[in-house]
2 protein chains.
Amino acid sequence: MSRAWSLKSRPNGMPVASDFELIDLPTTALNDGEMRIANRWLSVDPYMRGRMNDVKSYVPPFALGEPMQGGAIGEVIESRAEGFAVGDVVQHFLGWRDEAVLPATQVQKLPALGVPPQQFLGLLGMPGMTGYFGLLHVAEAKAGDVVFVSAAAGAVGSTVVQVAKASGMTVIGSAGGADKCALVKGLGADAVIDYKSEGPLLKKLLAALQGLGKDGIDVYFDNVGGEHLDAALATGNLHARFAICGMIDIYNTSKPTELRYLARLIGMRIRMTGLLVSDHMGKTAEFYRVMGGWLAEGKLKNEETVFEGLDAMPDAFFGLFTGGNTGKMLVKL
Amino acid sequence: MSRAWSLKSRPNGMPVASDFELIDLPTTALNDGEMRIANRWLSVDPYMRGRMNDVKSYVPPFALGEPMQGGAIGEVIESRAEGFAVGDVVQHFLGWRDEAVLPATQVQKLPALGVPPQQFLGLLGMPGMTGYFGLLHVAEAKAGDVVFVSAAAGAVGSTVVQVAKASGMTVIGSAGGADKCALVKGLGADAVIDYKSEGPLLKKLLAALQGLGKDGIDVYFDNVGGEHLDAALATGNLHARFAICGMIDIYNTSKPTELRYLARLIGMRIRMTGLLVSDHMGKTAEFYRVMGGWLAEGKLKNEETVFEGLDAMPDAFFGLFTGGNTGKMLVKL
């Protein structure tokens, strides 16, 4: 018998343990074309918070009482699907559970890049693609640009820092606390801002720019929103490009975002573009080729935070909003 | 002797009469290559408010005590410049005064489009180009798009409405009060919102969309900021494009902009781009060709509000912020 997390009640603000419930899933026989997968790694992502609200969005809300979903890596343990054999390690979207039954059309084998499989949920998976395509395709960052990235110790942000450095850019990363700042520095960032330390963020960003001998930023990669976005608006150079990827600041609140520097959009002709990785799925060959090359040259480090066991899944999720992870947040089964 | 308005003190918030002073300009002899121009029409524009602050921006601040500047149309009354003769009607940038002395390099003759000269300060001038290039080049609006434009009775907004209709788009315009709304409707807008009437703007926009059988907007042309921008964010369709041209809401205040729907940028992959017409000056030939064609077909109306005499210049300027104009605000000398 397998088990899955389901949403018992829709969180009001910050999710709590009682919003979630482990339910038993009936074991069903496989149909032709299907396989059974024992999940080994479950992905834990900020965007899942949005699916807990009952609002129309780019992915449908989680249904109350039903098994939840998310990225997962597992091993095929039974197969009636052509091309998939017992022992194959695969990626799919039925996470938040220990076992999944899926048709072959909804399962991908992992590219042969010689890395541990869970990296395909992080640096080489959705967060990595988000950072890569967001920085290079949406923000159109190029060598020589000054890049500011918020939540730079997170799964997406840590990719942005590394892709930017591998591409010849100057990078300022923001993270919360000394440990995370050290991690971001270790990934190659030219300057790091601790957003939890005393003082306004804008002042820290201006100091970081001055320290690097730069007047402003050419690119902002936003994972946070709020004060970070405003500081980016305040320091954006002429024709700066912002990729807006996340606003973790407001996922658990209904407070409006206050921006003091929004009018600089006009004077500086800044461009802000919302980013979802799903728009870029047609370009994964480029992603694996380029990232694979950087991996082989030793230019990329994988950062992850691992919780153990299916029972820990909600705690891992809460950790996303309390600064509990560096790099990709994962649950290992 | 000629006279010019100068800035006596930098306005704090809304400008007042005592911030301005008429000064006498000494009459100087012309150098080779220069001409003397009697101004006939002075341009009155919202962006001028920004030049009254002592902050670095895309145009330098007005110097206290010096003659102010702005667009103007005048007649050459004395010429030592080759190619310019007494009686030529020309356009230049030494407004806020009755007479200007300029070298030929800073003076343009008006294109021969058979319209009254002051239209080259409005529909066929900077505001017209701002609307045209902002809508078609920055927001990349195309036939079939649903376009929302704020301050639709203003110089830029009224151009946007007409360019959009001439290009096969559906247009919702927002304006303040019944008279302006009637004017916007008369320009061809499919629906009009009175932002001064009772109730939240978003509700009115949703009602207008429903009345047109539309789900959301594909393009927003922003002249206002604030609640208008937030309503546009709330109703933006997938891959909607916003041209951010002005934020008259905040020109006279230092309050932050509050946005409740900013995160829709991400889910809908909305693109917001700041717009200054100066980036598009290399494409004026296209502008005159296309707009000239529409003029000849009777598809464009020129809207203007005229104040009389140099003394009225500050009052005309104040009127921009108190809803005093429909279409282009002008002072006739």
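The values are calculated or read from the model by the stated rules, or taken from the named source; none is laboratory data. It should be emphasised that the depicted structure is a prediction, and the values quoted were computed from it without experimental measurement. When we count neighbours, we look across all protein chains shown, and the Cβ atoms used for this are built from the backbone with ideal geometry, even at glycine. Areas reflect the complete protein model, heavy atoms only, side chains present, ligands, DNA and RNA absent. Shrake-Rupley method; radii C 1.70, N 1.55, O 1.52, S 1.80 Å.
Here are a few things to note about the model shown:
- The distance separating the Cα centre of region A:39-88 from that of region B:46-73 comes to 57 Å.
- Given their separation in residues at 0.36 nm each and the Cα-Cα distance between them, A:K142 and A:S197 gain 16.7 nm when the chain is fully extended.
- Between chain B and chain A, roughly 2500 Å² of accessible surface gets buried, counting both sides and using a 1.4 Å probe.
- Across the copies of the chain, B:T27 has label points (7 Å from Cα along Cα→Cβ) spaced 10.6 nm apart, shortest distance listed first.
- Options B:L201, B:Y261, B:I248, ranked by Cα towards positive dipole end of region B:126-278, top entry (Cβ charges): B:Y261
- Mean silhouette area of chain A, derived from the convex hull of its C-alpha atoms and averaged over all directions, reads 16.8 nm².
- Stokes-Einstein diffusion coefficient of the protein assembly as shown, Kirkwood radius over Cα pairs, 25 °C, 0.890 mPa s, in µm²/s: 89
- Helix A:201-211 axis, angle to chain A major axis (alpha carbon atoms, nearest 10°): 70
- Measuring from each Cβ of chain A to the axis carrying A onto B, the nearest residue and its distance in whole Å come out as A:M272, 2.
- Region A:1-95 shape via C-alpha gyration tensor axes, a/c threshold 1.5: prolate
- The HN-Hα couplings worked out from phi for region B:26-37 by the Karplus form 6.51 cos²θ - 1.76 cosθ + 1.60 (θ = phi - 60°) are x, 7, 10, 6, 7, 8, 4, x, 9, 9, 10, 10 Hz, whole numbers, x standing for Gly and Pro.
- Comparing Cα centroids, region A:108-146 and region A:150-224 end up 18 angstrom apart.
- Fraction of beta bridges assigned by DSSP in chain B that are antiparallel (%, nearest 5): 50
- Summary for B:P103: label point 7 Å along Cα→Cβ; distances to the equivalent points in the other copies, ascending, 7.4 nm.
- Carbon/sulfur fraction of accessible area - region A:126-278, other protein chains in place, 1.4 Å, %: 52
- Comparing A:Y132, A:Y47, A:Y58 in a Gaussian network model of chain A (Cα springs below 10 Å), the most mobile by mean-square fluctuation is A:Y58.
- Region A:209-333 shape via C-alpha gyration tensor axes, a/c threshold 1.5: oblate
- Rounded to the nearest 20, the size of the Cβ-charge dipole of region A:202-333 about its Cα centre is 540 debye, with Lys and Arg at +1 and Asp and Glu at -1.
- Between helix B:226-235 and chain B: long-axis angle, C-alpha atoms, 0 to 90°, nearest 10: 40
- Based on C-alpha pairs under 8 angstrom that are at least 6 apart in sequence, chain A has a relative contact order of 17 percent.
- Comment: the Cα-to-Cβ extended label point of B:K301, at 7 Å, lies 6.6 nm from its counterparts in the other copies, nearest first.
- Counting all C-alpha pairs of region A:226-280, share separated by more than 15 Å (%): 53
- Each 10 Å bin from 0 upward holds the following percent of the Cα-Cα pairs of region B:41-90: 22, 35, 26, 17.
- Nearest-ten-degree value, helix A:284-296 long axis tilted from longest Cα axis of chain A: 70
- Cross-link table A:K142/A:K214; A:K255/A:K332; B:K180/B:K299, entries beyond 27 Å C-alpha to C-alpha: A:K255/A:K332
- Structural size metrics of region A:126-278, computed from C-alpha coordinates, are Rg and Dmax of 13.7, 39 Å.
- Cα shape, region B:256-330, gyration tensor, a/c 1.5 rule: oblate
- By the helix-only formula, in which each DSSP H run with n ≥ 4 contributes -39500 (n - 2.57) and the sum is divided by residues, the protein assembly as shown has a 222 nm mean residue ellipticity of -6500 deg cm²/dmol.
- Rounded accessible area per residue of region B:126-278, 1.4 Å, Å²: 33
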